[in-house]
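Beneath this line is the structure, given in structure tokens, with notes to follow.
Every number here is computed from the coordinates shown, using simple stated rules; none is lab data. Note that the structure is predicted; figures quoted are calculated from it, not measured. Cβ placement follows ideal geometry from the backbone for every residue including glycine, while neighbour counts extend to all protein chains displayed.
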Amino acid sequence: MSILVIAEHDAGGLKPSTLNTINAAAKIGGDISVLVAGAGCRGAAEAVAKITGVVKVLLADNAAYAHQLPEALAPLIAKLAAAYGHVLAPASTFGKNLMPRVAALLDVAQISDIVGVEAPDTFVRPIYAGNALATVQSKDKIKVVTVRGTAFPAAPAGGNAPVEAVAEAAADPGQSKFVRQELSKSERPELTAARIVVSGGRGMGSGDNFKILEALADKLGAAVGASRAAVDAGFVANDYQVGQTGKIVAPDLYIAVGISGAIQHLAGMKDSKVIVAINKDEEAPIFQVADYGIVGDLFKIVPELTAALPSKR
Amino acid sequence: MKVLVAVKRVVDYNVKVRVKADHSGVETANVKMSMNPFDEIGVEEAIRLKEKGTATEIIAVSMGPLQCQETIRTALAMGADRGILVQTDAELQPLAVAKLLKAIVAKEQPKLVILGKQAIDDDCNQTGQMLAALLGWPQGTFASKLVPAADALEVTREVDGGLETVEIKLPAVVTTDLRLNEPRYASLPNIMKAKKKPIETVTPEALGVDPAPRIATLKVTEPAKRSAGVKVPDVAALVDKLKNEAKVI
């Protein structure tokens, strides 16, 4: 049995999510090949060749795969997949965009966002935003799977696999074209990747008041999030939203400020390692999941906390 | 152009889901059901395209038991023109849904299919991409902005590091992300009007699709529970706990 891992990479080289995915592949067991498809991606291929457990790197370096659009990549992967028992990719926006397209071309199901491997055909994945865990078994010949990076440690360096060019001719179906990319230039880390997240809720009172959270976040090197109530009230933009219909986060430290703890918010942050709640209502449900709580006026407590912390910068 | 929107009936996002005692799944009996929030955004976007004159007709499609009619009615009350229900009591997985949608697309010939990027029950995030593959159409997933162009769509997509804009030729499949729009509430007169809008009912058999699941759910369990921690009296005590007990700062 052998496994094909689809590498995620960009102009900056190999993305770390690829290493978590290789680790999940190692848990399944079998020879691991890694496909690096893109334009000008030899560097990423050489980087992944040095990862422990990788026996072969397939390099599809072609202008047709620039920006890794799924319309061009999926047919290539579906062709290569015939020789493998599993095809794995990170459950990032890259993998989520691509892999269902691959699965449908193969007429197989796709298993999304696995957090555990029970057997080569059996996986654990969160459903209902992590409020339940499903153990699922695939009946398909080829298992197409996306892997949640936070659930598997990164595979270490230490390999020396050969890099082979893919023989398949590339065809650009000409249906889609890349126009531009605007990557967030925030000084703060990305919400889903941050080690610390500071979130505000309806208790913040206004968007202007989020400034005190930003000051706290900057002191901690944290990302800023919000509850749906705060987003619905127009305090901050939609992309701040943590919750079942927003972003799912699992940082080392989550500080919930003026957030009552509606179910849909808890669904998005309850896997955080340590949760701190600051709320004036001591009955607020957020305190039932918080490791540490302070009951009181957030407008007094947050600046005090900011002042009490040593600067990270 | 004709626009097809797919709408799924799911457990309302405000309901605290409970795992069944026999671990066979999640309790859905006597639980409030609503339209999947991402699909609501899809319906809203289709209506906005119609208000701009880009879309001519909006067809809302749902699949599952008879009660999915209510979900279609919600879409009709928001502004969709008619509905199609693929009625079945069988479990439908994303690949089967994509195949059923493909059969409906063959019949209705829409130029654009809009779906939510994922349903908040199974969290799969697959159906739109699968449908695009089966149709051989381009896809604009996780869309936060749609700009119609001549026989194409400019789609701004939410990607991990920010935004990516692609141009896709029509016909195409689009899946919605949160920032695309804020869905409207249906007004009472529109709810009344929606009752008179037609809903056609078909079956998977009539569409020539075998919806048999490819994935067996062996068990569903509850994740490890969090227990309430301690309340601390002041900021100094909190900082001390975070530094010396939790060691996270």
message = Which of rounded, prolate or oblate describes the protein assembly as shown when judged by the alpha-carbon gyration tensor and an a/c cut-off of 1.5?
response = oblate
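Which loop-located trypsin sites (Lys or Arg not before Pro) does segment B:124-227 contain, where loop means any DSSP state but H, G, I, E or B and the Cβ has at most 12 other Cβ atoms within 10 Å? It would help to have the intermediate numbers written out before the result.
Details: sites: B:Lys145, B:Arg157, B:Lys169, B:Arg179, B:Arg184, B:Lys193, B:Lys195, B:Lys196, B:Arg214, B:Lys219, B:Lys225, B:Arg226; in loops: B:Arg184, B:Lys195, B:Lys196, B:Arg214, B:Lys225, B:Arg226.
Sites meeting the loop and neighbour criteria: B:Lys195, B:Lys196, B:Lys225.
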ask   = In degrees, nearest 10, range 0 to 90: what is the angle between the Cα axis of helix B:68-78 and the longest Cα principal axis of chain B?
value = 80 degrees
message = Need one number: % antiparallel among DSSP beta bridges in chain A, to the nearest 5.
response = 20 percent
ask   = Are there trypsin sites (Lys or Arg not before Pro) in segment A:112-171 that DSSP puts in a loop and that have at most 13 other Cβ atoms within 10 Å, and which ones?
value = A:Lys139, A:Lys141
Counting DSSP beta bridges with both ends in chain B, the antiparallel % (nearest 5) = 40 percent
remark   = Sorted by chain and number, the residues with a modelled amide H under 5 Å from that of B:Val202, at a separation of 5 or more or across chains, are B:Leu85, B:Val86, B:Gln87
key: Signed unit charges on C-beta, dipole axis of chain A, positive-most listed residue A:Ser2, A:Gly207, A:Ser260   = A:Ser2
query = Cα to Cα, under 15 Å, and not fewer than 8 places away if on the same chain: which aspartates and glutamates meet these conditions relative to A:Lys280?
reply = A:Asp297, B:Asp234
query = Tell me, A:Met1, B:Met35 in order of fewest to most beta-carbon neighbours within 10 Å?
reply = A:Met1, B:Met35
ask   = How large is ³J(HN,Hα), in whole Hz, for each residue of segment A:292-298 in order, when computed from phi with the Karplus curve 6.51 cos²θ - 1.76 cosθ + 1.60 and θ = phi - 60°, using x for Gly and Pro?
value = 10, x, 10, 8, x, 7, 4
note = A correct fewest-to-most ranking of B:Asp177, A:Asp61 by other Cβ atoms within 10 Å would be A:Asp61, B:Asp177
task = Give the order of A:Ile212, B:Ile168 when sorted by the count of other beta carbons within 10 angstrom, beginning with the fewest.
result = A:Ile212, B:Ile168
request  = Could you run the Karplus curve 6.51 cos²θ - 1.76 cosθ + 1.60 with θ = phi - 60° over segment A:53-68 and give me ³J(HN,Hα) per residue in whole Hz, x for Gly and Pro?
outcome  = x, 7, 9, 7, 10, 9, 10, 10, 9, 7, 4, 5, 9, 4, 6, 6
ask   = Cβ under 11 Å from B:Val105's Cβ, B:Val105 left aside: what net charge do those residues give with Lys, Arg +1 and Asp, Glu -1?
value = +4
query = Can you pull out the GluC sites (Glu not before Pro) in segment A:206-287 that DSSP calls coil and that have at most 12 other Cβ atoms within 10 Å?
reply = A:Glu282, A:Glu283
query = DSSP beta bridges in the protein assembly as shown, what fraction antiparallel, as a percent rounded to 5?
reply = 35 percent
ask   = Leaving out same-chain residues fewer than 8 places away, which aspartates and glutamates sit with a Cα under 15 Å from that of B:Lys196?
value = B:Glu70, B:Asp81
key: Filter on A:Lys247/B:Lys195; A:Lys56/A:Lys143; A:Lys56/A:Lys141 - keep pairs with C-alpha separation over 26 Å   = A:Lys247/B:Lys195
request  = Stick to the Cα atoms of chain A, pair each with every other, and give me the Kirkwood hydrodynamic radius in Å at one decimal.
outcome  = 21.1 Å
task = For segment B:151-203, count the residues as N, evaluate 2.2 N^0.38 Å, and divide the Cα radius of gyration by that value, please.
result = 1.70
key: J(HN,Hα) series, segment B:210-219, from Karplus relation 6.51 cos²θ - 1.76 cosθ + 1.60, nearest Hz, glycine and proline x   = 8, x, 4, x, 9, 10, 9, 8, 7, 6
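Is the C-alpha gyration tensor of segment A:91-168 telling us rounded, prolate or oblate? Criteria: a/c under 1.5 is rounded; beyond that, a/b larger than b/c is prolate, otherwise oblate. Spell out each step's value before the answer.
Values: a/c = 1.81, a/b = 1.28, b/c = 1.41.
Note, shape of segment A:91-168 comes out oblate.
Is the shape of segment A:61-208 best called rounded, prolate or oblate, per the rule: a/c under 1.5 gives rounded, else a/b larger than b/c gives prolate, else oblate, with a ≥ b ≥ c the square roots of the Cα gyration tensor eigenvalues? Don't jump to the answer; show the numbers that get you there.
On the way: a/c = 1.87, a/b = 1.32, b/c = 1.42.
Oblate is the answer for segment A:61-208, as a/c is 1.5 or above yet b/c matches or exceeds a/b.
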query = Under 19 Å from the Cα of B:Lys32, which lysines turn up, not counting those fewer than eight places away in the same chain?
reply = B:Lys8, B:Lys16, B:Lys20
